[in-house]
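Undergrad: This is the structure, below, for whatever I ask next.
The values are calculated or read from the model by the stated rules, or taken from the named source; none is laboratory data. Keep in mind that this is a model prediction, so the values were computed, not measured. For neighbour counting, all protein chains shown are included, and Cβ atoms are generated from backbone atoms with ideal geometry for every residue, glycine included. Surface accessibility is based on the protein's heavy atoms, side chains included, excluding ligands, DNA and RNA. Shrake-Rupley method; radii C 1.70, N 1.55, O 1.52, S 1.80 Å.
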Protein chains: 2
Amino acid sequence: MLAKNDMLAARNRGWFEGRSIVALNLMSSPGAGKTSLLERTIRDLSPELSLSVIEGDQETVLDAERIRATGSRVVQINTGSGCHLDADMLAQGIRSLDPPAQSVVFIENVGNLVCPALFDLGEQSKVVIMSVTEGDDKPLKYPHMFRAANLLVLNKLDLLPYVNFDVERCIGYARQINPDIEVLTLSVTAGADLDRWYDWLRHQVKPT
Amino acid sequence: MLAKNDMLAARNRGWFEGRSIVALNLMSSPGAGKTSLLERTIRDLSPELSLSVIEGDQETVLDAERIRATGSRVVQINTGSGCHLDADMLAQGIRSLDPPAQSVVFIENVGNLVCPALFDLGEQSKVVIMSVTEGDDKPLKYPHMFRAANLLVLNKLDLLPYVNFDVERCIGYARQINPDIEVLTLSVTAGADLDRWYDWLRHQVKPT
C-alpha cells in the first residue's frame, strides 16, 4: 500500500515541478492552529504570493469555508473514517483545485500527529505545527512525525504564561529526533513573529 | 482485521467481567491531559478504589514513569509506528499488569482523535478527553470518536479566558453526533470540578 502511494506521490511531485508549484504538507494534532495559520497567511501574503489550499478532514466543510472566506481557492477532501490524506486523494484534489503555475498549494492534512507522517503526498516540504498547550514531550512520544518534518512551527506562544511548557526543552527534543529540523515559534492569534514564517515561505518559493 | 480484533476484544471483556474489573478506554488528541487526569485521579481516589493503568504511546516510557510515581501499578505499551492500541496489545498488557479483582484499569490510548475510535478493546466504557484549546468544532470534524464515546471530559477549563471556545456550542455539537454522550467539564491543573468525574467513576464501579 505504501509502495503504491509512493508511486502516486512521485507523479504528484512531478506535476508540481512541471508547473513550478510549491506544495506544502501541514500536519498537526487537532486544534493546533493549522487553519488559523492559513487564514492569516493568505490575508497577509496575497497577492504577493498566489496561494491555494487543499483541506483534509474526516467530515465537514468547515475548514474549506473558513479558507474560502479569505478569497482563496480551496478544495475540501473528506476522508470519512480515514486518518490521513494519501497521494491518490491529493491527485484528485489538485485536479479540482487546478492551481495556477508558480503558485503555492497548502495541503492541510487530517488533524493527527501519527498517521499522516507515513504517507508521502509529493509535497516539497512537510510542516508540523504544535501548540504549547500540548506538552513539551510530544516530539519524543510521536517521533515519526518530527522525523519526517522539515519545519516545526510552535504555535500559541501567547498561552505560554498559563501552561507548563518549556520551549527550549521541546526544541531540544525535536532536534534529538531530527537534527535537521527547522524551528519557528509564533502566535497566530496574537499575530506575533509571523514574519519569520513568511520569510520561510518566500524561501520555499525562491531559494537563495 | 477488525473482525479478528472484535473476537479478541470480546475475550478481554469476558476476562474483565470474570474478575469484576472495570476497564476504561481513555482517548484524546495528543496533549489533552489524559496522563495528568490519571495522576490526579490516582492520588485522590486511592485507596478508596484500586486503580492501575495501561499506557499506550508510539515511543518512550515517559507516561508510565509519571503514573509509577503515584505508586500505582502500570504497564507501558509502545506501538512503534502504530496509531492506536488493539485488543491483542491490550491482552498482552493485562497479562503483565495482572490487575487485582474488583479494581479499575485505565487504558490510556495513543494520543489520536481518529484511529482509536475504530478499535474495541473490550473496555466497559470509552472516554474522550478534549481540551478547550482544541476548538469547539472538533466533535463535528472527528465524529467517529464522539459517536463511539460514552463520556466526554472537557478539560483545561482554566484556559477558557484566553482562547476562543464556546463550551455550550461544543457540547451541542457532541450531542448532535451522539445524543447519549455524557459530558463533564473540569480542569485537572486547577483541580476544578473533579468531583463529578470521581462520581462518574464510582458509578462505573457500582451502578446504582
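Undergrad: Looking only at region B:61-111, which residues are assigned to a strand (DSSP E or B), open to solvent by less than 60 Å² (accessible area, probe 1.4 Å) and over 22 Å from B:Met145 (Cα atoms)? Can you show your working first?
TA: Of the residues in region B:61-111, the ones assigned to a strand (DSSP E or B) are B:73-78, B:104-108.
Next, only the ones that are open to solvent by less than 60 Å² (accessible area, probe 1.4 Å) stay: B:74-77, B:104-108.
Answer for region B:61-111, where residues must be assigned to a strand (DSSP E or B), open to solvent by less than 60 Å² (accessible area, probe 1.4 Å) and over 22 Å from B:Met145 (Cα atoms): B:Val74, B:Val75, B:Gln76, B:Val104.
Undergrad: Output the residue which, of all residues in region A:108-140 that are closer than 17 Å to A:Trp197 by Cα and of a type in the set (S, T, N, Q), is farthest from the other protein chains (Cβ to nearest Cβ).
TA: Ranking the qualifying residues of region A:108-140, first place goes to A:Gln124.
Undergrad: How many residues are basic (Lys, Arg) and assigned to a strand (DSSP E or B) if we restrict to region B:24-42?
TA: Quick first cut of region B:24-42, residues basic (Lys, Arg) only: B:34, B:40.
Next, from what is left, pick out any that are assigned to a strand (DSSP E or B): none.
Adding up the residues that qualify gives 0.
Undergrad: Here is a follow-up. Please go through region A:165-208 and pick out each residue that is among the β-branched types (Val, Ile, Thr), away from chain B (no Cβ under 14 Å) and in contact with a strand residue (DSSP E or B) (Cβ under 8 Å, 6 or more places away or on another chain).
TA: Residues satisfying the conditions are A:Val167, A:Ile171, A:Ile181, A:Val183, A:Thr185, A:Val205.
Undergrad: Can A:Gly82 be described as within 20 Å of B:Cys115 (Cα to Cα), within 11 Å of chain B (Cβ to nearest Cβ) and touching an Asp or Glu at 6+ places or on another chain (Cβ under 7 Å)? Break it down stepwise before answering.
TA: Numbers: within 20 Å of B:Cys115 (Cα to Cα): yes; within 11 Å of chain B (Cβ to nearest Cβ): yes; touching an Asp or Glu at 6+ places or on another chain (Cβ under 7 Å): no.
Considered against the rule, which asks whether it is within 20 Å of B:Cys115 (Cα to Cα), within 11 Å of chain B (Cβ to nearest Cβ) and touching an Asp or Glu at 6+ places or on another chain (Cβ under 7 Å), A:Gly82 comes out as no.
Undergrad: Okay, next question. Would you confirm whether or not region B:43-54 contains a residue that is within 14 Å of chain A (Cβ to nearest Cβ) and part of a loop (DSSP other than H, G, I, E, B)?
TA: Here is the first cut: in region B:43-54, the ones within 14 Å of chain A (Cβ to nearest Cβ) are none.
No, that holds for no residue.
Undergrad: Right, another one. Among the residues of region B:152-164, what is the count of those that are at the interface with another protein chain (Cβ under 10 Å from one of its Cβ atoms) and open to solvent by 20 Å² or more (accessible area, probe 1.4 Å)? Even if it seems obvious, please write down each step before you answer.
TA: First, pick out the residues of region B:152-164 that are at the interface with another protein chain (Cβ under 10 Å from one of its Cβ atoms): B:156, B:158-159, B:161-164.
Applying the additional criterion that residues be open to solvent by 20 Å² or more (accessible area, probe 1.4 Å) yields B:156, B:158, B:161-164.
Residues that pass the stated criteria total 6.
Undergrad: For region B:24-36, indicate whether the set of residues that are of a type in the set (A, V, I, L, M, F, W, C), open to solvent by 10 Å² or more (accessible area, probe 1.4 Å), out of contact with any His (no Cβ under 6 Å at 6 or more places or on another chain) and more than 14 Å from chain A (Cβ to nearest Cβ) is non-empty.
TA: From region B:24-36, those of a type in the set (A, V, I, L, M, F, W, C) are B:24, B:26-27, B:32; that's our starting set.
From the residues that got through so far, the ones that are open to solvent by 10 Å² or more (accessible area, probe 1.4 Å) too are none.
No, region B:24-36 has no match at all.
Undergrad: Go through region A:12-23 and give me each residue that's part of a helix (DSSP H, G or I) and surrounded by fewer than 14 Cβ atoms within 10 Å (Cβ to Cβ).
TA: Taking region A:12-23 first, the residues part of a helix (DSSP H, G or I) are A:12-18.
Matches in region A:12-23: A:Gly14, A:Glu17, A:Gly18.
Undergrad: Has region A:120-135 got any residue that is open to solvent by 20 Å² or more (accessible area, probe 1.4 Å) and hydrophobic (A, V, I, L, M, F, W, C)?
TA: no
Undergrad: Residues in region B:141-151: is at least one within 8 Å of chain A (Cβ to nearest Cβ), modelled with pLDDT of 95 or more and on the phi > 0 side of the Ramachandran plot? Give the steps one after another, and end with the answer.
TA: Initially, region B:141-151 is screened for residues within 8 Å of chain A (Cβ to nearest Cβ), giving B:141-144.
Restricting the remaining residues to those that are modelled with pLDDT of 95 or more gives B:141-144.
The next check asks that each one be on the phi > 0 side of the Ramachandran plot; those that pass are none.
No; the residues of region B:141-151 include none that is within 8 Å of chain A (Cβ to nearest Cβ), modelled with pLDDT of 95 or more and on the phi > 0 side of the Ramachandran plot.
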